[in-house]
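Please treat every number below as a calculation from the coordinates, not as lab data. Nothing here was measured: the structure is a model prediction, and the numbers come from that model. All Cβ positions, glycine included, derive from the backbone under ideal geometry; neighbour counts span all protein chains shown.
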């Protein structure tokens, strides 16, 4: 593919921006069309786990200064993953291995800060306030994109990166559906101040945990630890108080409320269950009522688990309905393609959605910059993406169902298995491989 081909990316989320960074770095003309009016319009306030697939994608697509900015703004602390009971009895802990190359490691990142990093240096690439509506094929093989403001743009290649409700997918692959799983999650942020740290068991601070009660409900916790100092790194690698002043141009001081604070340490918690286990009217509840509903559901649990819910700021508590894509059969490759949630939206229970989108971005960037026929390059990308992407969809749905499993016997059997694995190193090693 020659560098004169124009690539349009619809959607400025994590995957779309990572692809834009990689193409921009390679000198390929690319434009991102984002419906938000400004970079600060749609900030997601929770942490995201970046695994080695995601880290390698960021390393390869970002320029060195921004890769360093990403590393400088990630949370520190342990990545050991634990399984515990609702009474905080340890079932199994996977110890994270020491990795020499951070591109092959796990990281805790603020979604807000990560988006700032990904936006940095793309002032001439990202066009805000462009709500995509539809596309139209042109006789010369190009594609015209139409936007809600009455404007249109043309491109040689179109990448739909516009999320789970993708309008690009709806037109291009109308049979590719996304459905409700019947599972609902409420999440919040417990501030990790020096005083609050003393209130929690060490296991909650040492790394992520899945809490497994007898049946019907699940809880996940994960620390995003910035060493207690409200600082973050700029694109130049220096550290500055109050946000990411040199990355993306959005300091945390421009955002109000604890949910949007990306400069302080906190413990993310999420409680999920089948929708019927929550009180009615959940979608209309403010954070304070959501918080009270969760507190009632876990009232018999360990005091530390109740404490992280009770002492979270209500503004950080949000409702997260859980949806998933339905895997579809292969389609004929064209000059339109999809990445991330636009094609393989998955539940968050396996913690791999963002990483799969980043993996897409790295693979598609390599395909589009490899030379040759762009449709053939897209076909190669889609063949691999479908395989690992829909495998991730199936795996995350399986994890979601296990997370809220309503069988007491199945839960008991799983706990027994975890305890056995903790005692048998060979079994534990096989589980972590």
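Multiplying each eigenvalue of the alpha-carbon gyration tensor of the range 1-152 by 5 and taking the square root yields semi-axes of 36, 18, 14 Å, largest first, rounded to whole angstroms. Within the range 1-157, antiparallel bridges make up roughly 70 percent of the DSSP beta bridges whose residues both belong there.
The Kirkwood radius of the range 317-421, taken over pairs of alpha-carbon atoms, gives through the Stokes-Einstein law at 25 °C and 0.890 mPa s a diffusion coefficient of 157 µm² s⁻¹. Mark the label point 7 Å from the Cα of residue 180 along Cα→Cβ and return the residues of the range 301-338 whose backbone N is within less than 19 Å of it. Within reach of a label on residue 180: 318-326. Estimated translational diffusion coefficient (Stokes-Einstein, Kirkwood radius over Cα pairs, 20 °C, 1.002 mPa s) of the range 110-226: 111 µm² per second. To the nearest 10 degrees, how steeply does helix 374-403 sit against the main Cα axis of the chain, on a 0 to 90 scale? It works out to around 20 degrees. Taking all Cα pairs closer than 8 Å and separated by 6 or more residues, the relative contact order of the range 43-182 comes to 21 percent.
With respect to the chain, whose longest principal axis is taken over its alpha-carbon atoms, helix 52-61 is tilted by about 30°.
Coordinate range of the alpha-carbon atoms in the chain per principal axis, descending: 66, 47, 47 Å. Once the Cα atoms of helix 287-297 and of the chain are each reduced to a long axis, what angle between those two axes, in degrees from 0 to 90 to the nearest 10, is obtained? Compared with the principal axis, the helix lies near 50 degrees. Taking 0.36 nm per residue of sequence separation and removing the Cα-Cα distance, the residue 329/residue 95 pair yields an extension gain of 80.4 nm. Evaluate the relative contact order of the chain (contact order divided by residue number), counting alpha-carbon pairs under 8 angstrom at least 6 apart; express in whole percent. Taking the mean separation of contacting Cα pairs over the length of the chain, I get 22 percent.
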